[in-house]
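The values are calculated or read from the model by the stated rules, or taken from the named source; none is laboratory data. Since the model is a prediction, treat every value here as computed from it, not as a measurement. Virtual Cβ from ideal backbone geometry, glycine too; neighbours counted across all protein chains shown. Heads up: the accessible areas ignore ligands, DNA and RNA and are worked out on the full protein's heavy atoms, side chains in. Shrake-Rupley method; radii C 1.70, N 1.55, O 1.52, S 1.80 Å.
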Amino acid sequence: MELKTGIKNRNEMIVTEELCANAWGSGGLQVYATPAMIALMENTAWASVEPCMEEGRSTVGTKLDVSHLSASPVGAHITCESELVEVDGRRLIFKVSASDDAGLIGEGMHERFIINTEKFMARTEAKIK
């Protein structure tokens, strides 16, 4: 698969108690947690381009600008979509959105960078040495 704008992905899941704000520590209510929604958005974007990566390369998330627009209860069916809208060297920009059966619950932009996994991990692990 060639890395180019227009690459799309879709992910679906059901809200469980473990994905709620009170379980994630992001609030006190039993509704779909914003950090869980963001993790789903990142995963959807990452998985869309991972097949395009050469051996020894991957992407890491570096920036998110996301609005969580509507709450979703336990049992809600969530659909997340991503689209690669810009490729600027190693920098990738995705449009991301999430919906439940009642409509849009979150949307925004997500930036990822292509990295050399060995070098990235060596630099990261050097922080504790």
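Roughly how many whole Å is it from the C-alpha centroid of region 72-89 to that of region 104-124?
15
LYS4 to VAL74: FRET efficiency via 1/(1 + (r/R0)^6), r the Cβ-Cβ distance, R0 41 Å, to the nearest 0.05?
0.60
For LYS4, list the lysines whose Cα falls under 28 Å from its own Cα; do not include residues on the same chain fewer than 8 positions away.
Within reach: LYS63, LYS95, LYS119.
Find the accessible area per residue for the chain; the probe is 1.4 Å, ligands and nucleic acids are left out, and the unit is Å².
Dividing the accessible area of the chain by its residue count gives 59 Å².
Size of the dipole of region 16-129 about the Cα centre, Lys and Arg at +1 and Asp and Glu at -1 on the beta carbon, nothing else charged, in debye to 20?
600
When the chain is fully extended, how far beyond the present Cα-Cα distance does ASN22 get from VAL60, taking 0.36 nm per residue of separation?
11.0 nm
Using a Förster distance of 22 angstrom, determine the FRET efficiency expected from the C-beta separation of ALA102 and CYS52, and round it to 0.05.
FRET efficiency, ALA102 to CYS52: 0.05.
Per the Debye formula with a single identical scatterer at each Cα and no solvent contribution, what log10 I(q)/I(0) holds for the chain at q = 0.17, 0.19 Å⁻¹?
Values, matching the q order: -0.88, -1.00.
Modelling each spin label as a point 7 Å along the Cα-to-Cβ direction, I'd like the ARG123/GLU86 distance in nm, to one decimal.
2.1
Rounded to the nearest 10 degrees, what's the angle between the helix 117-126 long axis and the longest principal axis of the chain, both from Cα atoms, 0 to 90?
Computed tilt is about 80 degrees.
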